[in-house]
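This report concerns only the one structure given below.
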Amino acid sequence: RMANREFVPRLWAALLTVAVLAVAVTAGGWQVDRAREKQAMIESFQRGTQSSVELEGDVTVDELPRYQHVRAAGRYEPERQILIDNMPSQVGRPGFRVLTPFRREGSERLLLVDRGWVPLGATRQDLPPVIVSAELRTVSGRLDTLPAPGVRVGDAGVAGDTSWPRVLNFPRQQDIEQVLGASVEARIVLLDPAAPDGYERGWRPAMQFGPERHLAYAIQWFAFAIVALIIFIALSLRRLPGTAPASTDSTSDAP
């Protein structure tokens, strides 16, 4: 009891409130977890350039963390380059990201080097020139995964296309191995912004928005849970029989 009221919850209201609380708390907790994951990604990206690893001998990219800065000696294979479609620039312009196979010295697997973003031509058939020499060189950059869509729809490329550079839509490792006819490393190298033979490169962690928005969403979900609980309690308080509400009459008998 609380003053002239008692707590008498209805079963359907209690079940509904429990369901709402479960959904809100679960959703808020998921948003907190996503914020932590993205914060960890940002910290990993920042740590990536604290040291550089030489990809030589028995060192493979699979052994290294994402965003680790690496260096590798070898040659580009410019006659078989890949343009990843539907890749906007930093300001939202349509275009491609240029993946160039790189043959490391002493390695049987190709390393894909992302040389940056190039704009879309006047037509879909007007592909940008992505010429690069096959001379011996050392490339440097961060390790990353291939860009992936939120929802994958359809194939990566057009069946029967044999032209180069090859346009692919969010290709997977197996798609690239199929068109190149060779094994490729599971991760790609994001070419350093200051390195030669590259295009627009403003690398940052692969996320649509930062952890702050996830925390804001989490606060909204938790606030929704609190409001739902308050409403349930308020609707479950009933006035005790024989009690009357407090009088609000302020009239006076004075003449």
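The values are calculated or read from the model by the stated rules, or taken from the named source; none is laboratory data. In this text, all values refer to a predicted model and were calculated from it rather than measured experimentally. No Cβ is skipped: glycine too gets one built from the backbone with ideal geometry, and neighbour counts run over all protein chains shown. Please note that ligands, DNA and RNA were not included when accessible areas were found on the heavy atoms of the full protein model with its side chains. Shrake-Rupley method; radii C 1.70, N 1.55, O 1.52, S 1.80 Å.
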(message) For the pair I219/A182, report the inter-label distance in nm, with labels modelled 7 Å from Cα in the Cβ direction.
(response) 5.2
(message) With only alpha-carbon pairs counted, each pair once and no self-pairs, how large is the Kirkwood hydrodynamic radius of the chain in angstroms?
(response) 22.8
(request) Give a residue-ordered list of calculated ³J(HN,Hα) values for segment 121-138 (Karplus: 6.51 cos²θ - 1.76 cosθ + 1.60, θ = phi - 60°; whole Hz; x for Gly, Pro). (result) x, 5, 9, 5, 7, 8, 7, x, x, 10, 5, 8, 7, 9, 5, 5, 7, 10
(message) Out of the total accessible area of segment 75-144 (probe 1.4 Å, heavy atoms of protein only), what percent is carbon and sulfur?
(response) 51
(request) Would you mind checking which residues have amide H under 5 Å from R5's amide H? H placed 1.01 Å from N; only 5 or more apart, or other chain. (result) L240
(message) If you average the C-alpha positions of segment 1-47 and of segment 105-120 separately, how far apart do those two centres end up, in angstrom?
(response) 44
(request) Working from the alpha-carbon coordinates of segment 179-234, get Rg over Rh, Rh being the Kirkwood radius. (result) 1.39
(message) For a quick check of your reading of the filter: which trypsin sites (Lys or Arg not before Pro) in segment 34-129 sit in a DSSP loop and have no more than 12 other Cβ atoms within 10 Å?
(response) R124
(request) Report, largest value first, the span of the C-alpha coordinates of segment 1-129 along each principal axis, in whole Å. (result) 84, 44, 24
(request) Write down the accessible area per residue of segment 13-100 in Å², having rolled a 1.4 Å probe over the full set of protein chains. (result) 53
(message) Given bins 5 angstrom wide, list per bin the percent of all Cα-Cα distances in segment 52-195, short to long.
(response) 2, 9, 20, 23, 22, 14, 8, 2, 0, 0
(message) Antiparallel versus total DSSP beta bridges in the chain: what percent is that, nearest 5?
(response) 75
(message) Whole-Hz ³J(HN,Hα) for each residue in segment 13-20, computed from phi via Karplus 6.51 cos²θ - 1.76 cosθ + 1.60 with θ = phi - 60°, x for glycine and proline: what do you get?
(response) 5, 5, 5, 5, 5, 4, 5, 5
(request) Could you give the size of the charge dipole of the chain about its Cα centre, using +1 on the Cβ of each K and R and -1 on the Cβ of each D and E, expressed in debye and rounded to the nearest 20? (result) 880
(request) Grab the DSSP H runs of the chain that are 4 residues or longer, score each as -39,500 (n - 2.57), total them, divide by all residues and round the 222 nm result to the nearest 500 deg cm²/dmol. (result) -10000 deg cm²/dmol
(request) May I ask you to evaluate 6.51 cos²θ - 1.76 cosθ + 1.60, the Karplus curve with θ = phi - 60°, for each residue of segment 208-222 and list the ³J(HN,Hα) values in order in whole Hz, giving x for glycine and proline? (result) 6, 8, x, x, 4, 5, 4, 5, 5, 4, 4, 4, 4, 5, 5
(message) Quick query: amide H of G141 versus all other amide H atoms, modeled in the peptide plane; which residues come in under 5 Å with a sequence gap of 5 or more or a different chain?
(response) V70, D192
